[in-house]
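Engineer: Got a structure for you, written out below as structure tokens; questions coming shortly.
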Amino acid sequence: MSNEATELLVSACIQSLQAYPPFDRMEAEALRFLALRVKLAHYPKGARILAKETGVARTLHIVQRGRVDVVRGGGERKLESSSVRLGPGQSFSIGALMAQRETVGAYVAHDDVFCYELAADDFFALTQKSTVFNLFCTQYIAGLLRQSQQQLQLQLAQRAAEQKTMNSPLSMVVVREPVAVALDTSVRRVVELMAGQHLGSMVVVDAERRPVGIFTLSDILKRIVLPGASLEQAIAAVMSPAPQTLPLAANAHDAALVMAMHRVRHVLAVDEGGRLRGVVSERDLFKLQGAGLRQIRHSIDAASSVAVLQHAREDVRQLALTMLSEGVGAQEITQFISTLNDAVTRRVIELNLDGDDFYGIDWAWLAFGSEGRDEQTFTTDQDNGIVFICTDIMDREQTQLRFLDFARAVNDDLDKCGFPLCKGNIMASNPELCLTLEEWEEKFSHWVRTPEPLALLNATIFFDFRPLYGRFNLAHRMRLSLLRMTQGNPLFLRMLAQNALEVAPPLGRIRDFVTGDDPEHPGTIDLKKYGVRLFTDAARLFALANQVEATNTVARLKRACSLMKISSDEVAAIVDGFNFIQMLRLRHQHFEQEHGRSGDNLIRPDELNEIERHILKESFRQARRLQSRLKLDYQM
């Protein structure tokens with residue numbers, strides 16, 4: 001074929017592709033690369049263009065003309081829960097091609113079909129040449145995730161049909177124009193305004209109407225009446241500075257989480273310039289949800305007994321269920337559960353401190369594992385410890401014995417509140433986990449200096465510690481000490497990588513998934529062991545290798561991967577995969593508990609619909625890519 005004829009064909013191909021995304025935004029050089037390498041293939045009506053029996057996907061297909069049906073599992077019944085017909089400009093087999101696997105279903109010509117076909121080697125070369133095309137392919141999992149989340153939401157929507165939504169943006173939650181005063185307004189005037197307009201709070205703003213403080217009804221008693229303060233002084237002297245704010249685009253769940261984390265009853269909604277646009281109170285949120293946040297938090301903070309806290313724990317579960325049914329993401333739900341569970345734990349500690357307040361001793365209660373990562377689900381046991389400072393004038397053994405007696409009481413009460421005792425004895429009542437700061441540092445040092453595989457595998461849970469009560473600075477000192485030890489320690493990091501690779505994603509070569517061989521639970525996958533752990537292990541290693549202090553898995557991935565120069569799109573795909581697995585765990589645990597069972601992490605892939613199976617496989621493939629990076633980085 002002459003050069004002139006070739007150029008005509010290339011130009012025609014480019015013109016055809018540019019009518020559709022992502023080719024309409026693709027770089028000119030990359031688009032020409034694509035046009036030079038594709039072949040135009042014809043498939044008559046009814047032809048199976050691509051199917052599982054054809055083996056590992058070797059070609060990207062771009063529909064040029066005609067329509068293609070997507071058929072479930074290679075059979076004849078159409079896929080019911082996703083797009084079932086592809087038209088011009090749409091591509092298929094991206095997921096299979098990227099993962100170098102067979103396709104899930106079959107692609108059948110609905111009528112006469114013409115497809116541009118690009119070989120696998122050229123496909124991967126194109127992803128390197130074109131940022132636009134790379135982004136398009138990387139976001140494939142995110143698109144599937146959105147479809148799956150919609151289905152998860154629909155499955156639980158009927159349960160929450162009578163409840164108003166907590167997904168509403170704050171712009172819709174705000175019910176009245178905000179009333180605010182300047183910094184130099186007298187206390188008397190502020191109180192008059194609050195009484196006259198029946199306000200529970202007054203926002204203080206600067207000259208640009210940006211919030212700088214807040215004054216509430218409870219402040220009148222504590223800061224004015226009881227101290228006998230002058231009503232003529234400026235409100236700036238008695239207000240609470242730096243109030244909690246959120247953008248108008250944030251939703252009611254965000255406001256609820258801020259209130260729970262910071263123990264406040266008001267969140268201020270601000271516009272893009274930081275100017276006050278409204279006040280959201282716990283009362284406003286109570287109107288939006290079945291379980292009242294104010295009642296839950298108040299019952300926790302004011303609980304006089306474990307029995308009251310037992311009821312609060314059930315309220316936490318019901319509130320999390322409401323969030324789940326409204327389609328709120330797994331990351332937000334697990335963080336919300338963890339925040340309120342933290343409050344329950346702190347109150348249990350406070351109740352037990354009535355017998356021994358440890359006056360004069362610096363100490364802190366530590367959370368490990370999922371609680372330390374802010375990733376608790378509906379089913380969680382205890383993982384905790386104590387760190388304390390032992391001065392020269394203190395008897396170390398006697399001090400530890402006091403803490404151990406106290407810890408046993410706290411562990412027992414937490415068990416009564418629905419946090420089962422840890423079968424592995426990872427609890428503060430264990431003398432090995434009730435240690436001085438120096439002893440904790442020595443324990444970390446031993447693991448880092450002489451990293452034995454089995455011991456290190458058991459120790460990884462302790463690297464996810466977070467303080468819940470007491471002197472938080474002790475945990476910060478522990479974190480800095482640990483990071484100093486791990487910095488530039490290739491042997492330790494390589495051992496962590498080796499442990500992270502002990503468990504592989506349960507993806508089969510012939511079957512879609514490899515299920516467990518437990519005779520009591522045939523056909524199941526443990527999403528904690530073979531799913532979540534794959535992500536948390538990699539994130540922990542990235543964090544320790546790059547001096548990242550965060551313990552939350554998503555936060556670790558985002559911060560460490562940024563330092564490692566991993567693209568934000570690749571990180572987003574990894575996070576999406578992790579969050580989807582967490583969402584499946586939450587849904588399964590809720591279902592199990594509703595049917596009187598304890599709630600485990602064992603799901604049956606065969607009971608998932610096609611979209612869920614597809615996205616679960618893509619999520620496991622994201623975990624496999626993480627492990628591939630570990631193998632490459634640490635030469636495993």
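Engineer: Taking the conditions exactly as written (modelled with pLDDT under 85 and either within 42 Å of the chain's Cα centre (by Cα) or closer than 20 Å to Ser281 by Cβ (or both)), does Ser201 satisfy them or not?
Structural biologist: Working: modelled with pLDDT under 85: no; either within 42 Å of the chain's Cα centre (by Cα) or closer than 20 Å to Ser281 by Cβ (or both): yes.
Considered against the rule, which asks whether it is modelled with pLDDT under 85 and either within 42 Å of the chain's Cα centre (by Cα) or closer than 20 Å to Ser281 by Cβ (or both), Ser201 comes out as no.
Engineer: So which of Glu442, Glu502 is more than 28 Å from Leu340 (Cβ to Cβ), in contact (Cβ under 8 Å) with a residue 12 or more places away in the chain, among the acidic types (Asp, Glu) and out of contact with any Ser or Thr (no Cβ under 7 Å at 6 or more places or on another chain)? Don't jump to the end; show me each part of the working.
Structural biologist: Values: Glu442 fails: in contact (Cβ under 8 Å) with a residue 12 or more places away in the chain.
Only one candidate qualifies: Glu502.
Engineer: Which pairs have Cβ atoms under 7 Å, sit 6 or more apart or on different chains, and link a residue in segment 374-392 that is touching a residue at least 24 places away in the same chain (Cβ under 8 Å) and at positive phi to one that is in a loop (DSSP other than H, G, I, E, B) and surrounded by fewer than 23 Cβ atoms within 10 Å (Cβ to Cβ)?
Structural biologist: Sorted first by the residue in segment 374-392, then by its partner, the pairs are Asp374/Asn552.
Engineer: Go through (1) closer than 30 Å to Gly599 by Cα; (2) touching a residue at least 24 places away in the same chain (Cβ under 8 Å) and name the single condition Leu491 misses.
Structural biologist: (1)
Engineer: I've got another one for you. Just for helices (runs of 4 or more DSSP H) wholly inside segment 263-347: which have at least 1 residues that are modelled with pLDDT of 85 or more? Break it down into steps so the answer makes sense when it comes.
Structural biologist: On the way: elements: 282-288, 293-301, 306-325.
Passing ranges, in order: 293-301, 306-325.
Engineer: Shifting gears a bit: Could you tell me whether Arg471 is buried (at least 17 other Cβ atoms within 10 Å of the Cβ), among the basic types (Lys, Arg) and out of contact with any Pro (no Cβ under 6 Å at 6 or more places or on another chain)? Walk me through it before giving the result.
Structural biologist: Working: buried (at least 17 other Cβ atoms within 10 Å of the Cβ): yes; among the basic types (Lys, Arg): yes; out of contact with any Pro (no Cβ under 6 Å at 6 or more places or on another chain): yes.
Answer is yes for this residue.
Engineer: Just a yes or no: is a residue in segment 45-59 closer than 18 Å to Ala125 by Cα and not polar (S, T, N, Q)?
Structural biologist: yes
Engineer: Then there is this: Would you confirm whether any residue within segment 387-397 is among the charged types (D, E, K, R) and within 22 Å of Arg317 (Cβ to Cβ)? Explain how you work it out, then say what you get.
Structural biologist: Filtering segment 387-397 for residues among the charged types (D, E, K, R) gives 392, 395-397.
Pick out the ones that are also within 22 Å of Arg317 (Cβ to Cβ) and you get none.
For segment 387-397, residues among the charged types (D, E, K, R) and within 22 Å of Arg317 (Cβ to Cβ): absent.
Engineer: Considering each residue of segment 17-49, count those that are free of Cβ contacts under 8 Å to residues at least 60 places away in the same chain and on the phi > 0 side of the Ramachandran plot, and give that number.
Structural biologist: Final tally of qualifying residues: 0.
Engineer: Give just the number: which of (1) closer than 23 Å to Asp112 by Cα; (2) modelled with pLDDT under 85 does Gly66 not satisfy?
Structural biologist: (2)
Engineer: Another question about this same structure. Given the structure, is Leu414 aliphatic (A, V, I, L, M), in a helix (DSSP H, G or I), under 26 Å from the mean Cα position of the chain (by Cα) and crowded, with 20+ Cβ neighbours inside 10 Å? Talk me through it step by step, then tell me what you get.
Structural biologist: On the way: aliphatic (A, V, I, L, M): yes; in a helix (DSSP H, G or I): yes; under 26 Å from the mean Cα position of the chain (by Cα): yes; crowded, with 20+ Cβ neighbours inside 10 Å: yes.
Yes: the conditions hold for Leu414.
Engineer: Just give me the residues in segment 230-252 being among the aliphatic types (A, V, I, L, M), in a loop (DSSP other than H, G, I, E, B) and crowded, with 21+ Cβ neighbours inside 10 Å, in sequence order. First the steps, then the outcome.
Structural biologist: Taking segment 230-252 and keeping what is among the aliphatic types (A, V, I, L, M), we get 231, 234-239, 242, 246, 248-250, 252.
Still in the list and also in a loop (DSSP other than H, G, I, E, B): 231, 238-239, 242, 248-250.
Within segment 230-252, Met239 is the sole residue that qualifies.
Engineer: Is at least one residue of segment 253-269 surrounded by 18 or more Cβ atoms within 10 Å (Cβ to Cβ), within 19 Å of Ile333 (Cα to Cα) and out of contact with any Leu (no Cβ under 7 Å at 6 or more places or on another chain)?
Structural biologist: Yes, that holds for at least one residue.
Engineer: Here's a check for you: in segment 542-599, which residue that is modelled with pLDDT of 90 or more and among the hydroxyl-bearing types (Ser, Thr, Tyr) is farthest from Arg313 (Cα to Cα)?
Structural biologist: My answer is Ser562.
The values are calculated or read from the model by the stated rules, or taken from the named source; none is laboratory data. This is a predicted model, so every value here is computed, not measured. Counting neighbours? That spans all protein chains shown, and the Cβs are built from the backbone with ideal geometry, glycine included.
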